[in-house]
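In what follows, a structure is listed as structure tokens, so that the remarks can point back to it.
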């Protein structure tokens, strides 16, 4: 009870302070309460402060790949867009198909693309278009390619004309969506959704927006506002909720309106030992390091010592390659990796 009372006093501090002053001056509580209420109302409706969200650029899949895709950054004051260059569908699909593994994700992209093309064909024949939201849930462990595929999907939407102009990609987490005062969270969510118009809003670790029972739940407020934006803007942008499968399922069940907003559910499986080895081999080639077959044997052996899978999947493998390059540098080699470099020397 005491904690609840303290939270109320903190949240409505202008009313509390001015009521006390009014009472002390002998004017009674009503003038102070009214003035405090006006100040609190104006305060909660001031523009939210949106931090710049700068995603990590997607690496090229091989040495001859085109330049890295430039990802949009945004800020609250001017929502300035730094957008990626437009590529054609064949080039984008070629990059998607060159990614190791991701069979279900590639199939889902093909399904989305086929739906868009069917809708265009219906319109050309005078039939009603296929009206369907593009919002998705990408489920899988870290390092399984969710962000990379999301960026390519955003490019495809622009390439086939679903969204006009150049690709827009906004990546956020809970901290970007949630504010610390009543009324501020909804404003932040609206601003971020506006910044993602004409592209993809990628919500990483989306399950962190699960409602809780402790005090005023700003995460629940963010989720409720996001669902509203997903419905109202279903023709103008695509929301992708990303995270672990069980946690994302729980998030969807927590709000009756969420499941109906998501047209596509895509599972990103953990990489197999062979796929992880292929990723390591591609990373070495991309970084222009030579290696012998025994290096790949050493990589497979190290993966086997971890039970055949890695918790961080491709992210862990890239970390191994970077450590191997540092090990080689310590040994005076600048262009060759040997099996001993693969072992963790730390």
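Laboratory data are not the source of any read-out in this text; all were calculated from the coordinates shown. These figures come from a predicted structure and were not determined experimentally. All Cβ positions, glycine included, derive from the backbone under ideal geometry; neighbour counts span all protein chains shown.
Pairs of Cα atoms under 8 Å, at least six residues apart: use those to get the relative contact order of region 89-268, whole percent.
Computed value for region 89-268: 31 percent relative contact order.
Where the centroid of each part is defined by its Cα atoms, how far is region 137-184 from region 306-346 in Å?
Cα centres, region 137-184 to region 306-346: 31 Å.
Which order do peptides 297-310, 150-163, 112-125 fall in by mean Cβ count within 10 Å, highest first?
Taking the mean over residues of other Cβ atoms within 10 Å, the ranking is 150-163, 297-310, 112-125.
Need the full-extension length gain, residue 117 to residue 335, defined as separation in residues times 0.36 nm minus the C-alpha distance. One decimal, nm.
73.8 nm
To one decimal place, what orientation-averaged projected area in nm² is obtained for the convex hull of the Cα set of region 273-342?
4.0
Can you order the peptides 136-148, 235-247 by their average number of other Cβ atoms within 10 Å per residue, highest first?
Result, highest mean Cβ count within 10 Å first: 136-148, 235-247.
Just to be sure I understand the model, the point goes 7 Å from the Cα along the line to the Cβ. What's the resulting residue 344 to residue 160 distance in nm?
With each label point 7 Å from Cα toward Cβ, the separation is 4.2 nm.
Say a paramagnetic label sat at a point 7 Å from the Cα of residue 235, along Cα to Cβ; which residues of region 83-125 have their backbone N under 19 Å from it?
Flagged as within label range: 115-125.
Could you calculate the contour length gain from residue 294 to residue 127, that is, 0.36 nm times the residue separation minus the distance between their Cα atoms, to one decimal place in nm?
Values: separation 167, 0.36 × 167 = 60.12 nm, distance 6.00 nm.
The span from residue 294 to residue 127 would gain 54.1 nm if fully extended.
At residue 228 and residue 94, where each label point lies 7 Å from the Cα along Cα→Cβ, what is the point-to-point distance in nanometres?
4.6
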